[in-house]
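Step one of this worksheet: look at the structure below.
Just so it is clear, none of the values below were taken in a lab; they were calculated from the coordinates. What you are looking at is a predicted structure, and each value in this text was computed from that prediction instead of being measured. Here the Cβ is made from the backbone with ideal geometry for all residues, glycine too, and neighbour counts use every protein chain on show.
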Amino acid sequence: MHLREVLLREARRNSQVDAFVCGEQRMTFSGLKERACRLANALSSLGVGRGDRVGILLYNCFEYPEILWANFLLGSVAVTLNFRLVSEEIVYVQDVAELKVLILGSEFLDRVDPAKERLSGIEKYICLGKERSQGMLDYHELVEKGSAILPPVSGDDRDAAIVLFTSGTAAFPKAVVLTHHNLITAGLIWAADTGIRHGDNCLAVTPFYHIGAVGFHVAHAMCGASTTCFPQPNWDPELFLKTVEKEKITYLYITPGMYRQVFSVPNFKKYDLRSWRVCITGSEPVPKVTVEEMAENLPYGRIYNEYGLTEATGPTVSIAKHEMAISKAPSVGRPFINTDIRIMDESGDECEIGQVGEIAVKGDQVMKEYLNDPDTTAATLKDGWLYTGDLGKMDDEGFLYVVDRKKDIIISGGENISSVEVESTLYKHPKIMEAAVIGVPDPKFGEGVCAVVVLRQGESISGQEVVDYCKEHLASFKKPRKVIFTDALPRNPSGKVLKRDLREVYAR
């Protein structure tokens with residue numbers, strides 16, 4: 001099945017259902033089809049065709065979904081850009097993705113204009129907003145002039161549909177190529193696992209350049225469900241609660257740290273959240289204490305702890321029952337249907353039950369390739385398996401436990417220390433809101449454990465008290481040798497902690 005068929009079907013059977021809501025603006029599935037057709041035909045008139053890549057540099061906005069679906073209809077490939085990129089990084093994206101057209105918001109002109117001479121290959125710039133630079137086309141004028149007739153297209157479901165760049169928490173972002181088949185397979189899996197149904201309203205909190213927003217939007221569209229856009233770029237837990245209450249949100253995903261911030265909002269209990277029946281978290285290990293807080297504060301919702309990655313079109317495993325999410329924490333669950341998970345050792349052989357190794361994933365949702373990077377693709381995709389770079393283990397019931405990222409393991413005095421284990425211990429302290437653990441140079445042990453801690457509002461504690469607390473709950477060699485207090489942890493717009501930034505500051 002092709003994504004083109006998804007939109008045509010939903011425009012026919014759910015024509016007056018809201019496909020997308022952004023602030024006071026609403027678009028039905030029939031309206032989305034018309035707007036996507038107009039833009040697709042307009043792009044075609046500019047010479048864009050099957051396989052050509054169209055860049056999107058926008059905040060989450062009302063127009064974002066129609067741009068995605070226009071490319072899906074036309075057979076061109078949407079390439080989503082992180083809205084925090086600076087000029088040099090936009091040039092990097094162009095060097096990798098070879099965009100033919102760039103659609104951008106006027107907020108980004110000060111980053112794109114200085115780089116134009118180095119953005120070779122971009123033939124047309126289409127600007128959305130009140131201002132635009134010389135030679136750029138006006139987005140809304142272009143769409144209005146486009147024909148509403150369905151554009152002719154060739155191709156199949158194994159064609160590239162979208163290119164998403166990885167978060168780049170460790171190094172340069174990689175360009176992940178996902179096909180129509182990948183997105184539809186993932187959508188079917190998510191719908192089956194979490195029970196997406198007609199009438200649901202999903203809140204897209206993460207940016208649309210993130211698989212969490214794009215993938216969930218496609219999954220909801222396949223079920224005739226709505227997607228509500230959360231304003232970007234700034235995360236505001238109180239605005240989040242107001243949006244859930246106002247729009248009667250039923251289904252959403254945010255990171256564990258975001259949940260903890262939401263629960264700390266003054267007068268949290270005053271908000272009517274009874275519509276919120278599916279409470280998904282992930283992107284980082286979820287401490288058991290956070291799962292327990294979710295169960296206590298969201299009694300109407302079902303908790304899902306999921307593990308996945310962009311290269312697998314999002315989640316691959318899930319804890320699918322409210323009670324199980326608590327009793328099995330910190331497990332991220334069992335593999336989805338049509339998905340296989342194995343733990344591999346350094347030789348590429350499957351590990352024994354309980355043995356730590358690299359998590360590998362197989363399924364129809366696994367990416368096609370890294371764009372224009374055959375060496376990295378070959379190192380990541382081996383014999384049909386996607387090697388994730390994450391360390392984990394399986395128990396005898398098939399539940400997966402994520403131990404750490406390979407790069408985040410701290411080697412101190414010859415001992416391997418999981419940053420996740422230390423973080424989980426810190427989260428249990430009643431005065432600690434958030435924590436991130438990194439390795440820092442140590443003259444005696446090579447590396448030492450450094451804990452970067454955010455305290456709950458109004459609380460105080462000394463670094464030695466933090467160390468002593470860890471000594472009570474962990475082997476002595478795992479205790480932090482350095483404790484740093486900060487007001488907030490650095491995160492990317494999708495909510496992931498940027499340990500790379502912490503290392504740059506504290507691991508010198």
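Between Glu415 and Glu88, 0.36 nm times their residue separation minus their Cα-Cα distance comes to what?
Value of the extension gain: 113.8 nm.
Stretched out fully, how many nm does the piece from Arg274 to Asn372 gain, at 0.36 nm a residue minus the Cα gap?
Taking 0.36 nm per residue and subtracting the Cα distance, the gain is 30.6 nm.
So, R0 is 41 Å and r is the distance between the beta-carbons of Ser147 and Val467; what FRET efficiency does that work out to, to 0.05?
Step by step, r from the Cβ atoms, then E = 0.05.
Which order do the peptides 176-186, 10-20 take when ranked by the mean count of other beta-carbon atoms within 10 Å per residue, highest first?
Top to bottom by mean Cβ count within 10 Å: 176-186, 10-20.
Compute the separation of the alpha-carbon centres of the range 251-267 and the range 12-50 and state it in Å as a whole number.
32
Can you list, by residue number, the Cys in the chain that have no neighbouring cysteine C-beta under 4.7 Å?
Cys37, Cys61, Cys127, Cys202, Cys223, Cys279, Cys351, Cys450, Cys470, each lacking another Cys Cβ under 4.7 Å.
How large is the direction-averaged shadow of the alpha-carbon convex hull of the range 3-182, in nm²?
If you wrap the Cα atoms of the range 3-182 in a convex hull and average its projections, you get 10.4 nm².
Just the Kirkwood number for the range 310-460, please: inverse of mean 1/r across all distinct Cα pairs, in Å, one decimal.
Evaluated on the range 310-460, it is 17.4 Å.
Which residue, chosen from Val483, Ser327, Ala204, occupies the Cα position most advanced towards the positive end of the dipole of the chain, where the dipole is computed from +1 (Lys, Arg) and -1 (Asp, Glu) charges on Cβ about the Cα centre?
Ala204
Name the residue from Tyr304, Ile122, Thr227 whose Cα lies farthest towards the positive end of the charge dipole of the chain, charges +1 on Cβ of Lys and Arg and -1 on Cβ of Asp and Glu.
Projecting each Cα onto the dipole axis, the largest value belongs to Thr227.
At Glu123 and Asp395, where each label point lies 7 Å from the Cα along Cα→Cβ, what is the point-to-point distance in nanometres?
In this crude spin-label approximation the distance works out to 5.7 nm.
For an R0 of 60 angstrom, estimate the FRET efficiency from the Cβ-Cβ distance between Glu350 and Gln134 and round to the nearest 0.05.
After rounding, the FRET efficiency stands at 0.50.
Ordered by residue, what ³J(HN,Hα) values in Hz, to whole numbers, does the range 304-310 give under the Karplus form 6.51 cos²θ - 1.76 cosθ + 1.60, where θ = phi - 60° and Gly and Pro are x?
10, 9, 10, 10, x, 7, 4
For the range 409-506, compute Rh as the Kirkwood radius over C-alpha pairs and then the Stokes-Einstein diffusion coefficient at 25 °C and 0.890 mPa s; write the answer in µm²/s, rounded to an integer.
For the chosen part, D equals 181 µm²/s.
Would you mind putting 296-305, 53-62, 146-155 in packing order, based on average other-beta-carbon counts within 10 Å, highest first?
Final packing ranking: 53-62, 296-305, 146-155.
What do you get for Rg/Rh of the chain when both radii come from the Cα atoms and Rh is the Kirkwood radius?
Answer for the chain: 0.96.
Work out the length of the dipole vector of the range 409-506 about its Cα centre, built from +1 on the beta-carbon of each Lys and Arg and -1 on the beta-carbon of each Asp and Glu, and round it to the nearest 20 debye.
100
Just want the ordering: Glu66, Glu247, Glu5, from fewest to most Cβ atoms lying within 10 Å of their own Cβ.
Arranged by neighbour count, lowest to highest, Glu66, Glu247, Glu5 become Glu5, Glu247, Glu66.
Would you calculate the separation in nanometres between label points at Tyr506 and Ala488, each defined as 7 Å from the Cα along the Cα-to-beta-carbon direction?
Label at Tyr506, label at Ala488, 1.7 nm between them.
Place the peptides 278-288, 24-34, 116-126 in order of packing, highest mean first, counting for every residue the other Cβ atoms within 10 Å and averaging per peptide.
278-288, 24-34, 116-126
Over the chain, calculate the relative contact order: mean separation of alpha carbon pairs under 8 Å at least 6 apart, over the residue count, as a percent.
Relative contact order, the chain: 11 percent.
In terms of Cα to Cα distance under 26 Å, which lysines are near enough to Lys499, apart from those fewer than 8 places away along the same chain?
Candidates past the 8-residue exclusion: Lys174, Lys288, Lys393, Lys406, Lys407, Lys428, Lys431, Lys444, Lys471, Lys478, Lys479, Lys482.
Quickly work out the Asp340-to-Asn234 label distance, labels modelled 7 Å from Cα along the C-beta direction, and quote it in nm with one decimal.
The modelled label-to-label distance comes out at 4.9 nm.
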